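Notes follow the structure.
The values are calculated or read from the model by the stated rules, or taken from the named source; none is laboratory data. None of these values were measured; they are calculated from a predicted model. Here the Cβ positions follow ideal geometry from the backbone for every residue, glycine too, while neighbour counts run over all protein chains shown. Surface accessibility is based on the protein's heavy atoms, side chains included, excluding ligands, DNA and RNA. Shrake-Rupley method; radii C 1.70, N 1.55, O 1.52, S 1.80 Å.
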Amino acid sequence: MGDVEAEALHGAVEALAGSLQPHVATAFFVFSACTVALAALLAVVRLRPPWWCDCAICEAYLTASWAGEFDNLCDWYAHLLRTSPAQTVHVHVLRNVLTANPVTVDHVLRARFDNYPKGAPFSAILADFLGRGIFNVDGDAWLFQRKLAAAELASPALRAFAARVVASELRCRLIPLLHSASREGNGKVLDLQDVFRRFAFDSICKISFGLDPGCLELSMPVSTLVEAFDKASTLSARRATVPMQIIWRLKRFLNVGDERKLRDAVHLVDALAAEVIRQRRKLGSAASGSDLLSRFMGSIDDDKYLRDIVVSFMLAGRDTVASALTAFFLLLSDHPEVAAAIRDEVFRVAGGRDPTAASFEFDKLKDMHYVHAALYESMRLFPPVQFDSKFAAGDDTLPDGTFVAYGTRVTYHAYAMGRMESVWGPDCGEFRPERWLRDGRFVPESPYRYPVFQAGVRVCIGKELALMEMKAVIVAVVRSFDIEAVARSSRRPKFAPGLTATFAGGLPVRVRRRRARVSGHSPPI
C-alpha cells in the first residue's frame, strides 16, 4: 500500500472516529446515568425494605385496585381511616402515616410542633414551583415571612383595602357576568369553578400586588400564564404520589415526561411573577403602601425570593378561595333550603342594602352567623386543602401508639376527618349548617378537630381575609341568583389531582336571576 493510500485510510479513520465521538459520549452518558440510577435503586431496596411492602394497603395503592370501589384516592383514604381503630394507617410504600384522629393532629401541630416541620423531602417536591415561599420553608425563612405577612394582614388599612377590592370585583365583574348568563335562557351553561378561579385570581392580585390582571372580564380571556400556574401545581402534586423520590428526580435530571412539562410550566410561572414584580416597581411610590408586595419589597432585594413569595400568595389567595366557593355552591344546588335560610338572614341583617355597593358596611358580614356556619360546614365536607404533611425530625410515638421513625411523612387528612363518625357523629356525611350554631350564633370547634385552616403555630394567617371574601361572594350571589349544578352532585364528586381540591371537569351550572324580594324573595341588584 502506497503512502498516499495509507494517508487517505488514516484520514478516513480519523473522520469516522470524529463523527462517532458525540454518539459514543452520549451512549456512555446514558449508560452511566442508568448505572447510577440502578445502584441508587438497589441501595434504596437494601436500606428501606418496607418500601416494597406487600400488605393489603400498599398493594392496593401500587396496583390502584382501590379505584374499583372509590372515585377518588381521598375517599379510599377516608374509608381506611374510618375502619382503623386508631384512626391512623401506614402506607409503607410512601413512608407515610395518615391520621384522622384529633388527638394525633394536636400532637403533630402543637405538642410536638418542633419535631414535625415541613421537612426537606416536602420542600424538595415543591421547590421548583414554590421555591422558598412561606408554604415550603421552615425555621427563620418561614418566621420572617409569617411575621411580616401577619402584621400587614392584621392592619385595618389593608383589611379596608381588601374589602373595597372584593366589593368592586363583585359589583363590576362577577355579578354582571352571572346576570348576563341568566339572561341567555336555560341553554346557557357556565363553568362556575372557572369563574371563581378567575374572580379569586383578580382579587388576590389586586390585594397582594396592587395589579389587575382582568381575568374576569365579560369576554373571559384565556391566560397562558394562568394555565401554566395550574399545570405547575398539578405536576408538583404528582411528585408526592411517587413511591420513591429517585423516580421523579431521575426524570427531572433527564428532562423527560411530566418533569419536562413541569419545567416548561415553571418557566412561564417565573415570567408571570417577574412581570408582577416589574409592574409593581414601575408603579413605584405613586401606588405603594396598600398591597402586600410593596411591604415585602421594602425588606427584600432578592428578586428570586420575591418571586417565591408572589407565587405562594397566588396559590393561597386564588386556589383555596376558588375551591371553597365551588364546593359551597355545589352543595347549595343540592340543598335549596340552605339557600333560602341564607336569604332570610341576609334580608334580616342587611335589609334591602346591596352587599356589592361601595357604601355597604362589610362589618355586617360578621352578624350573619348562618352564612358563616354554612361556609364552615361546606369546608368540613370539602376542605380546599384535603390533607397536609409534615416530616418527622426524630423518632416519635403518636398518642395512639403508632411508632414514627425519623424521616417518616405524617399526614393529617382534613377531608377524611370531616367524614368520621367518631369526630362529627352519625350524620357526619350530611350538609347541616345548624351543627355550628348555638342559640342562633356561630360556635367554632377545636381546630384540631377541624384543621381546615391548620392549627397551632402554623395556623393560616390569611384566614379572616379569606372568610370575608368568601362570605361576601356568597351573600351577593345567593341574594340575587339560583345556581343549579348540571349533571353534578355533591354525593359523588370527582377530583382532579393538584395541591388544592379541584373538581374534574369543572362545575357546569345554570344561573337564574331571582325576583325582587316580597315576603321571602331576594331583592334586585
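The listed residues ASP395, ASP140, ASP71, once ranked by accessible area (1.4 Å probe) with the largest placed first, stand as ASP140, ASP395, ASP71. With the whole protein complex present, ASP270 retains an accessible surface near 60 Å², based on a 1.4 Å probe.
Rounded to the nearest percent, how much of the accessible area of the range 56-513 (1.4 Å probe, protein heavy atoms only) is carbon and sulfur? Accessible surface attributable to carbon and sulfur in the range 56-513 totals 55 percent. Taken as Cα centroids, the range 51-126 and the range 400-448 sit 16 Å apart, rounded to the nearest whole angstrom. To the nearest 10, the accessible area of SER489 is 50 Å² with a 1.4 Å probe. For the range 56-513, the solvent-accessible area works out to 40 Å² per residue, with a probe of 1.4 Å and every protein chain left in place.
Give me the number: length gained by fully extending SER489 to ALA340, i.e. 0.36 nm times residue separation minus the C-alpha to C-alpha distance, one decimal in nm. Numbers along the way, then the final one.
Values: separation 149, 0.36 × 149 = 53.64 nm, distance 1.91 nm.
Stretched fully, the SER489-ALA340 segment lengthens by 51.7 nm.
Ranking ALA393, PHE481, MET417 by Cα position along the charge dipole of the range 56-513, where only Lys, Arg, Asp and Glu carry charges on their C-beta atoms, puts PHE481 farthest toward the positive end.
Starting from 0.36 nm per residue, how many nanometres of slack lie between VAL443 and SER168 once their C-alpha separation is accounted for? Working shown, then result.
Working: separation 275, 0.36 × 275 = 99.00 nm, distance 3.05 nm.
Full extension from VAL443 to SER168 adds 95.9 nm.
Exposure check, 1.4 Å probe, all protein chains in place: CYS53 carries approximately 30 Å² of accessible surface. The packing ranking, built from the mean of other Cβ atoms within 10 Å per residue, places the peptides 245-251, 163-169, 420-426 in the order 163-169, 245-251, 420-426, highest first. For an R0 of 51 angstrom, estimate the FRET efficiency from the Cβ-Cβ distance between SER422 and LYS282 and round to the nearest 0.05. Computed FRET efficiency for SER422 and LYS282: 0.40.
On full extension, the segment bounded by LYS463 and ALA67 gains 139.1 nm, given 0.36 nm per residue less the C-alpha separation.
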